[in-house]
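Below: one structure, written as structure tokens.
We did not get these values from a lab; they are worked out from the coordinates using the rules stated. Here the structure is a predicted model, which is why all the values come from computation and not from measurement. Note that we place each Cβ from the backbone using ideal geometry, even for glycine, and neighbour counts take in every protein chain shown.
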Amino acid sequence: MTGMIRTFLSLWLAAAPASDDARARASALADEAETLWANDDLQGAQEALARAYQLDPNPYFLFGRGRLAAEAKDCESAVALMREFLELYPEADGHEDARAVIEGCGETVNPPTPPTPAEPPPPIVAPPEAPRTEPADDQTVRAWHRDPVGGILVGAGGVGLATSLGLFVGAIVERNGAEDAATTDAYRDSISRTRGLETSGVIVAAVGGALAVGGVIRYVFVAKRDRERPQLSLGLTKIRF
């Protein structure tokens, strides 16, 4: 038993993940436990290893406490400590010795029960799609060039382009007037107004052009949609299904 305790205490030096300060304090407590054990103070040795385990949760401190408890004939503590060692550290060495301690105390050792896998959540069922309802009344097909949205976009774009043209004309007039300015200050003011008109014209032209292009795209979309939709011709009127 002495060799086993010394072996597991020495393995702590390679396995301990604690900080340097905690490891140093735990090492001192391990040395103290070994000294107490050598003097047959098994209770004191267990307490020293318990404090070391609090500083550094190393499996071999827990194992050493179980062996010391078994030597002290405290089977209840020995079994509890060894079971804890087996459950918390399934990859550590010493499982056979831990089971031997438990069986020596008259307990049956059962292999650790693997965790029960969590049941998958129930599948998410999408709500049924609401049936599409067609308008109750037949709708007469509107010609693509009479689409209100396209008309608004194209009209607004045309107004923007016309406004930008007016701004550019104003900028030209203002620049020509700057050449006839009587003073330097008047020339600078005229050039500043010219640049402002040109900048405004560019911005308005960009916005107007974008609106006009959007209107054209809208017209194309409406025309294509109406061509793809089944139609029944009744004389001069087209009814959409």
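For the reader, a short list of remarks on this structure follows.
- Nearest-0.05 FRET efficiency for Val202 and Ile152, computed from C-beta distance (R0 25 Å): 0.60
- One chain, two ends: Ala50 and Val216. Fully extended at 0.36 nm per residue, the span grows by 51.5 nm beyond their Cα-Cα distance.
- For the pair Glu103 and Val169 in one chain, pulling the backbone fully straight at 0.36 nm per residue adds 13.3 nm over the alpha carbon distance.
- Stretch gain in nm, segment Gln43-Glu119, where the contour uses 0.36 nm per residue and the Cα spacing is subtracted: 22.8 nm
- In this calculation the C-beta distance from Ala28 to Lys73 is compared with R0 = 25 Å, giving a FRET efficiency of 0.35.
- Taking label points 7 Å from Cα along the Cα-to-Cβ direction, Ser19 and Thr35 give a separation of 2.6 nm.
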